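The values are calculated or read from the model by the stated rules, or taken from the named source; none is laboratory data. All figures in this text were calculated on a predicted structure; none of them were measured in a lab. Ideal geometry is used to build each Cβ from the backbone, glycine not excepted, and the neighbour counts take in all protein chains shown. Quick note on the areas: whole protein, heavy atoms, side chains included, nothing else; ligands and nucleic acids left out. Shrake-Rupley method; radii C 1.70, N 1.55, O 1.52, S 1.80 Å.
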Amino acid sequence: MVSPAIALAFLPLLVTLIIRYRYYFVLFYRAVLVRVAQDCLTGLSREERAFQYVLTNATPGDPDSILDAFDQWCSKVEFISNIGPKKGLVLDKLLKENCPITVLELGAHCGYSTVRIARSLSIGARLYSVEMDERNALVAEKIIRLAGFDDDTVELIVSPSDEVIPRLREDFGVERLDFVFMDHWKRCYLPDLQLLEGSGLLGEGTIILADNVIFPGAPNFLRHVKKSGLYEYRVHRATLEYIRGIRDGMAELVYLGVK
């Protein structure tokens with residue numbers, strides 16, 4: 001049994017750790033403990049609960065209202081790792097400045113970033129959004145249609161990204177990607193980027209924006225980007241969506257073409 005004197009000796013260290021990592025404790029509580037408890041209590045997934053909140057609190061056909069309701073839920077109710085409103089401004093700016101015609105999203109999740117991208121597209125532009133989880137894809141489909149976007153603007157593809165990318169030209173008629181947004185499993189960033197490089201779908205000037213490259217992090221992806229010589233790149237420093245105090249960032253790549 002540990003004596004009181006020894007326990008007291010470790011108390012300052014414990015307090016220091018709690019203070020230093022307090023934001024990570026908050027994230028664990030909101031993203032894990034609350035989710036598990038609500039899963040048991042409601043019988044719904046976190047994404048389904050988010051949809052119910054959006055359906056009740058947003059205006060159908062109004063993408064801004066949909067996003068605002070999502071942000072409110074993620075900030076005040078439960079945590080979902082959407083791109084969020086602050087980092088979302090970087091995405092908005094790039095889309096408006098470059099006016100892409102063909103956009104690929106890897107990781108639709110529950111449709112937040114899909115709606116955010118779709119509302120910034122020019123008339124005639126098309127977004128191909130990929131989500132491998134069928135249950136999440138059902139929620140994303142409802143959110144996308146609730147926001148007022150039809151199949152001509154947003155096509156949701158329910159399949160793993162490494163199976164979709166090689167089929168984009170043959171099955172979907174995609175000849176070139178103007179913009180790619182990555183926000184799926186971080187371990188897939190590098191292999192999917194390499195698939196895109198080998199697919200012939202990236203053209204000079206294609207923009208790739210990858211979220212969460214600092215936290216949880218995608219070090220192999222960043223290492224490849226730096227060493228390949230195929231990109232101009234920068235990292236937009238930020239904090240994790242809906243949780244202040246945890247450093248994060250998004251990588252913006254501009255494809256230079258094969259030398």
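Over the chain, give the accessible area per residue in Å² for a 1.4 Å probe, as an integer.
Numbers: 13210 Å² over 259 residues.
Per-residue accessible area for the chain comes out at 51 Å².
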Q. Can you list the aspartates and glutamates whose alpha carbon sits under 19 Å from that of K87, skipping same-chain ones fewer than 8 residues off?
A. D64, D68, D71, E78, E97, E105, D183, D211, E241, D248, E252
Q. Can you give the relative contact order of the chain as a percent, counting alpha carbon pairs under 8 Å and 6+ residues apart?
A. 16
Q | Cα-based helix-to-principal-axis angle, 4-20 vs the chain, degrees rounded to 10 | A | 30
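In square nanometres, what is the average projected area of the Cα convex hull of the chain? Don't jump to the answer; show the numbers that get you there.
Numbers: hull surface 66.4 nm².
Taking a quarter of the hull surface, the average projection is 16.6 nm².
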Q) Summing Lys, Arg as +1 and Asp, Glu as -1, what charge do residues with Cβ under 14 Å from the Cβ of V26 carry, V26 excluded? A) +4
**Q.** Mean Cα-pair separation over length for region 166-244, i.e. relative contact order, pairs under 8 Å, 6 or more apart, %
**A.** 31
Q: Report the antiparallel proportion of the DSSP beta bridges in the chain as a percent, rounded to a multiple of 5.
A: 40
Q: Rank T102, T153, T56 by mean-square fluctuation in a GNM of the chain with C-alpha springs under 10 angstrom and give only the top-ranked residue.
A: T56
Q | Among S120, S65, S228, residue whose mean-square fluctuation peaks in a GNM of the chain (springs only between Cα atoms under 10 Å) | A | S228
(Q) Quick check for you: which residues of region 183-215 have the amide N under 11 Å from the point 7 Å beyond the Cα of R176 toward its beta carbon? (A) 201-206
Q. Sequence-distant or interchain residues sharing an amide H contact under 5 Å with G111, placed H: which?
A. none
Q: As a check on your grasp of the helix formula, calculate [θ] at 222 nm for the chain: sum -39500 (n - 2.57) over DSSP H runs of n ≥ 4, divide by the residue count, round to the nearest 500.
A: -14000 deg cm²/dmol
Q. For the chain, modelled as a GNM with alpha-carbon contacts under 10 angstrom, which of A37, A147, A69 fluctuates the most?
A. A37
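Specify whether the C-alpha gyration tensor of region 83-193 places it in the rounded, prolate or oblate class, a ≥ b ≥ c being the square roots of the eigenvalues: rounded for a/c under 1.5, otherwise prolate if a/b is larger than b/c and oblate if not. Present the calculation step by step, with values, prior to reporting the outcome.
Numbers: a/c = 1.21, a/b = 1.13, b/c = 1.07.
Taking the square roots of the gyration eigenvalues as a ≥ b ≥ c, region 83-193 is rounded.
Give the carbon-plus-sulfur fraction of the accessible surface of region 86-214 in %, rounded to a whole number; probe 1.4 Å, heavy atoms of protein chains only.
Result for region 86-214: 51 percent of the exposed heavy-atom area is carbon or sulfur.
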Q: Just name one of N57, S159, F221: the one whose Cα is farthest towards the positive end of the charge dipole of the chain (beta-carbon charges, Lys/Arg +1, Asp/Glu -1).
A: F221
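With charges set only on the Cβ (+1 for Lys and Arg, -1 for Asp and Glu), what does the dipole of the chain come to about its Cα centre, in debye to the nearest 20? Intermediate values should be presented prior to the final figure.
Working: 30 positive and 34 negative charges, 288 e Å.
Using only the charged Cβ atoms, the result is roughly 1380 debye.
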